[in-house]
Amino acid sequence: MSPVDPVALVIKPTSYIGIHSTDESTNVYFVSEGCYSAVGYKPSELINTRAKDYIADSMDQNDYSQLYAKADSDETADEPDEDSNVYSMWVNIKSARGAPVLHRIISFRCDNTVIYLGMTFPERPFTDHPSLQVQQLDRQMQKLD
């Protein structure tokens, strides 16, 4: 009997939760078990890897990490943070077998970590995203180049 490919078994969207750092490394700290059903990785395989390395789109992967970077140190307590802390985006993620799987990600920037909720759409054909586009809570789109 041949081994079962968990990604091939996905017939409906699968959700999972992850936590990674806000710095340039995007070091993965936690991934829920749903990741195995969604993209074929065991959570333990992803710990201490870089989240941005799994982006399958041709966009600059550093745009993803810069989205969460802290504001410059010249920001004072009297000036509010102008960057959003919650984003929605569409990104193709590399599965364990190498095929891209479309994800809708909702992410929450919290101090030095990002908590993200990923939902997969494996039935949708691959369409490259050459730049990262995010939607903020106020519904405005922000395109990062």
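Is it fair to say I47 is over 24 Å from T127 (Cβ atoms), hydrophobic (A, V, I, L, M, F, W, C) and modelled with pLDDT of 95 or more?
So I47 passes the test.
Cβ-Cβ below 6 Å, separation at least six or inter-chain, first residue in the stretch 21-40 and closer than 12 Å to Y64 by Cβ, second of a type in the set (F, W, Y) and surrounded by 15 or more Cβ atoms within 10 Å (Cβ to Cβ): which pairs?
Matching pairs, first to second residue: T22/Y68.
For (1) modelled with pLDDT under 70; (2) surrounded by 16 or more Cβ atoms within 10 Å (Cβ to Cβ), each residue gets a yes or a no:
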{"position": "V7", "(1), (2)": "yes, yes"}
{"position": "Y16", "(1), (2)": "no, yes"}
{"position": "I19", "(1), (2)": "no, yes"}
{"position": "T22", "(1), (2)": "no, yes"}
{"position": "N27", "(1), (2)": "no, yes"}
{"position": "E33", "(1), (2)": "no, no"}
{"position": "V39", "(1), (2)": "no, yes"}
{"position": "P43", "(1), (2)": "no, yes"}
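Counting just the residues of the stretch 50-78 that are open to solvent by 50 Å² or more (accessible area, probe 1.4 Å), more than 18 Å from V31 (Cα to Cα) and of a type in the set (D, E, K, R), which one comes out modelled with the lowest pLDDT?
D72
The values are calculated or read from the model by the stated rules, or taken from the named source; none is laboratory data. Fair warning: this is a prediction, and the values are worked out from it, not measured in the lab. Note: ideal-geometry Cβ built from the backbone for every residue, glycine included; neighbour counts use all protein chains shown. Protein only, heavy atoms only, side chains kept; ligands, DNA and RNA dropped before computing areas. Shrake-Rupley method; radii C 1.70, N 1.55, O 1.52, S 1.80 Å.
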